[in-house]
Amino acid sequence: MKTSHQDGMMIEFDCEAVMRDGTIIRYDIYRPDKAGQYPCITTYGPYSKGMHFSQGYSLFWHDIKEKYPKILKGTSGKYMNWETVDPEKWVPEGYAIAKIDSRGCGRSEGVIDNWTIQEAEDYAECIEKIAALPWCDGNIAGLGVSYYAIMQWAVAAQCPPHLKAIIPFEGACDLYREFARHGGIGSDFVNAWYPLQVAAVQHGLGKYGQIGKISEDSLSGPETLSKKELIKNRRNYFEEIEENELMDADVYRRRRIDLSKIKIPVLSCGNWGGNALHLRGNTEGYLAIPSKEKYLEIHGLEHFTEFYTDYGRAMQKDFLDHYLKGKDTWHRAPVHLRLRNVDGSFTDRDEQEWPIARTQWTKYYLHQDSSLSTDESDDFQFSFKADSEGINFFTEPVTEELEITGPAAASVLISSSTKDADIFLTLRVLDPNGNDVSFVAANDPHGVIATGWLRASHRKLDEQKSLPYRPYHTHDELQPLKNGEKVPMDIEIWPTYIIIPKGYRLGVNIGGRDFRFPTPNLTSKVDISHYLKNPKLMMGMFRALPMNQLFKILTHEKVWDGNAMYTHHMDMKRKEFFGTTTVYSEAGNRPYLLLPVIPGKKA
């Protein structure tokens, strides 16, 4: 352990916690540089506690400095790392910070196996060991973004006695439905995320690893393992997802979080633009936990922004001051929505529940002439090729503002020329000039409004958990299609918010692949100069990654067309997903969207 007194803090690098199986997990502590006992904010994750925000996430660091400079007011920023709190903002407020490298990553030993029960148990053990340290008053919280939020849900379900509250900020809690397979359809995200964010800082890279700007030491520990040993020390999550389509597979069982065990105070913070990764976890987690002191907040902008802004920090501090320090600082409504407007501004509004009780669940029917309205349709059918752009349906321009806030759903009757079919639904809004409305999303500068997905063979519903506005699928068996057989599909669409201004049109795209805006908003190649200027990073990646995977990363061209990196090509080599899909409208089976219209605004 290395100890230093700097910037008004006592900093302890590489504190050790020995797990029950003998594995050593390491963490850094930042705490007030004066005697006393303090509550502790914890994070547990794989991105290396010693890596500075600018070192691993330079584009987002640039955004903070250029777009949100107020985030750096009152801090040097030199201890900031990705998705965790800034110690210089929290330690002066009387908090200690513990940043824990997860098993097999950074400075911690072991085999990488992300989000598993093993990791949750490690985190719980670390919490109890930290609570017993002489400077800790025994009150521990979780606070962090994304991976660090997912692990808060997981550790809270372990019920460590000294964990008093959590703030999962933009984090999934159902890793099958929200991360691995959307409606049963395999997500590409893990294959884009894992090599650069996890494998690149694997424990054991040693002399080939990077030197951390925060710790000024090897990010991946002093030990240098062979390439064969590195491969042995990590699970191939992408291959496991690709090979296992149903929920009963071990890859998903080992990551299942029992939300019914979470009874501590929870502030669940979601992002309207967290489509296809995080938003559903924040709303479904909020609804599922039995805690009597639970709160939901939903905001917008980039994935990291509101975590660090004055808005986000004030909310976090009020919550933790109340539940960790016993101060009378938390007087918030059960639900707080930071509502995004088409001009890029936001409106704050409190609600008493989620979904909003006054919601008017309204069916918008698809029509043969490609219109969308609240009038029932007649009999018709339309077909599309699975790999085509699909078909669009739009309302007439609305005559008054129309507010849509909450989860949504769709019902369609389909057949396929093959034994299976994927259905992708994307809500669209067009301005009076026919241009798509988009929003700054968590990971896309021009994100779509909302999306839903379902594979036909996964259409089986859990009748006990399903709601009209939130179908819930079991994903426990495949139900292949027969050629020409018509089957009903109830499709979940993740929550959204938008006020559609007068003169704008509401629409939906139905297709067999990811929706793309007609005109891509931004195209960018990976800036390989970042890698070429960092020999240590290059050496580490050469050791951690297969050559073909490294080549793909360095030559990748990304088109920002609404869905960021949350695309679905994993199963596209299978011929059953390249057929022709037909949607029908007939008596008793009219295709429709079920949308959460908030009264006071009329179409």
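Each principal axis of the Cα atoms in the chain has its own extent, and those three values, largest first, are 75, 55, 44 angstrom. The lysines within cross-link reach of LYS65, meaning a Cα-to-Cα straight distance under 19 Å and a gap of 8 or more places when in the same chain, are LYS73, LYS78, LYS89, LYS213. In this label model, GLU16 and ASN435 are separated by 6.0 nm, measuring between points 7 Å along each Cα→Cβ vector. Residue separation of GLU243 and GLU353 scaled by 0.36 nm, minus their Cα-Cα distance, works out to 35.7 nm of gained length. Averaging the Cα positions of each part gives two centres, and for the range 1-74 and the range 464-519 these lie 41 Å apart. For HIS331, the shell of other residues with beta-carbons less than 13 Å away shows a net charge of -3, using +1 for Lys and Arg and -1 for Asp and Glu. Only alpha carbons enter this Debye calculation for the range 372-454, each as an equal point scatterer, and the log10 of I(q)/I(0) it gives at q = 0.12, 0.17, 0.22, 0.24 Å⁻¹ is -0.49, -0.98, -1.45, -1.55. Surface composition of the chain: carbon and sulfur make up 50 percent of the accessible area, probe 1.4 Å.
Farthest toward the positive end of the dipole of the chain, out of PRO432, SER76, VAL448, is the Cα of SER76, where the dipole comes from beta carbon charges about the Cα centre.
Here is the size of the range 26-73 from its Cα atoms: Rg then Dmax, 14.4, 39 Å.
From the helices alone, meaning DSSP H stretches of at least four residues, give me the mean residue ellipticity at 222 nm for the chain, per-run term -39500 (n - 2.57), in deg cm²/dmol to the nearest 500.
On the way: 15 runs with 122 residues, N = 603.
Rounded to the nearest 500, the figure is -5500 deg cm²/dmol.
If I take every Cα pair under 8 Å that is 6 or more residues apart in the range 299-376, average their sequence separation and divide by the length, what percent do I get for the relative contact order? Computed over the range 299-376, the figure is 18 percent. Residues whose amide H falls under 5 Å from that of HIS336, counting only those 5 or more places apart or on a different chain, are LEU296, GLU297, ILE298, GLU351, with hydrogens built in the peptide plane. Note: relative contact order over the chain, using C-alpha pairs below 8 Å and six or more positions apart, is 15 percent.
Quote the FRET efficiency, to the nearest 0.05, computed for TRP361 versus ALA314 with a Förster distance R0 of 45 Å and r equal to the Cβ-Cβ distance. Could you put the intermediate results ahead of the total?
Working: r = 34 Å, r/R0 = 0.76.
Efficiency computed from Cβ-Cβ geometry: 0.85.
Per residue, the Cα convex hull of the range 416-523 amounts to 150 Å³. Centre-to-centre, using Cα atoms only, the range 306-354 and the range 111-187 are separated by 21 Å. Residues within the reach of a label modelled at THR399 (point 7 angstrom out along Cα to beta-carbon, backbone nitrogen below 19 Å), restricted to the range 425-465, are 432.
Order these peptides, 30-43, 259-272, by their mean beta-carbon neighbour count within 10 angstrom, highest first. Mind dumping the intermediate values first?
Values: 30-43: 19.1, 259-272: 22.6.
The packing order, highest mean first, is 259-272, 30-43.
Here the chain is assigned +1 on the Cβ of each Lys and Arg and -1 on the Cβ of each Asp and Glu. Its dipole about the Cα centre then comes out at about 1000 debye.
The values are calculated or read from the model by the stated rules, or taken from the named source; none is laboratory data. This one's a predicted model, so the numbers in the text were calculated from it and none came from an experiment. Every residue, glycine among them, receives a Cβ derived from its backbone with ideal geometry; neighbour counts consider all protein chains shown. Accessible surface is based on the protein model in full, side chains and every heavy atom, while ligands, DNA and RNA are left aside. Shrake-Rupley method; radii C 1.70, N 1.55, O 1.52, S 1.80 Å.
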